[in-house]
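J.: Have a look at this one.
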Amino acid sequence: MPSTQTASVRRTDSEKGRLAAGLLAIFLGGLGVHKFYLGYTGAGVAMLLISIFGAVILIGPILMGLCGLIEGIIYLTKSDEDFQRTYVWGDKPWF
């Protein structure tokens with residue numbers, strides 16, 4: 001039976017889910033988990049280190065958590081195509 005899916009609807013192994021990235025950003029964004037998921041290792045390490053070393057004065061986790069929340073909302077409000085083009089195929093690690 002021929003497939004009725006269009007090329008824009010088919011998912012490949014290299015595509016990352018907008019919903020998964022958004023939820024990771026909202027719930028674990030302070031640790032940079034969503035950055036690692038999207039393949040932005042440098043940005044993920046930066047967020048993780050800021051959270052760990054900033055925990056002494058509590059500002060690091062608060063700022064990184066806020067960044068994660070904002071990014072999660074941005075991810076979830078974009079269309080799947082726009083999300084893929086901007087964050088998966090493109091190179092935009094921040095907002």
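The values are calculated or read from the model by the stated rules, or taken from the named source; none is laboratory data. Since the structure is predicted, the reported quantities are computational estimates derived from the model, not experimental observations. Every residue, glycine as well, gets a Cβ built from its backbone with ideal geometry; the counts of neighbours run over all protein chains shown.
J.: Looking at the structure I just gave you, is A46 hydrophobic (A, V, I, L, M, F, W, C), assigned to a helix (DSSP H, G or I) and in contact with a His (Cβ under 8 Å, 6 or more places away or on another chain)?
T.: Against the criterion (hydrophobic (A, V, I, L, M, F, W, C), assigned to a helix (DSSP H, G or I) and in contact with a His (Cβ under 8 Å, 6 or more places away or on another chain)), A46 does not qualify.
J.: If only one of P61, P2 is at pLDDT below 95 and either surrounded by 10 or more Cβ atoms within 10 Å (Cβ to Cβ) or among the charged types (D, E, K, R) (or both), which one is it?
T.: Going through P61, P2 in turn, just one is at pLDDT below 95 and either surrounded by 10 or more Cβ atoms within 10 Å (Cβ to Cβ) or among the charged types (D, E, K, R) (or both): P61.
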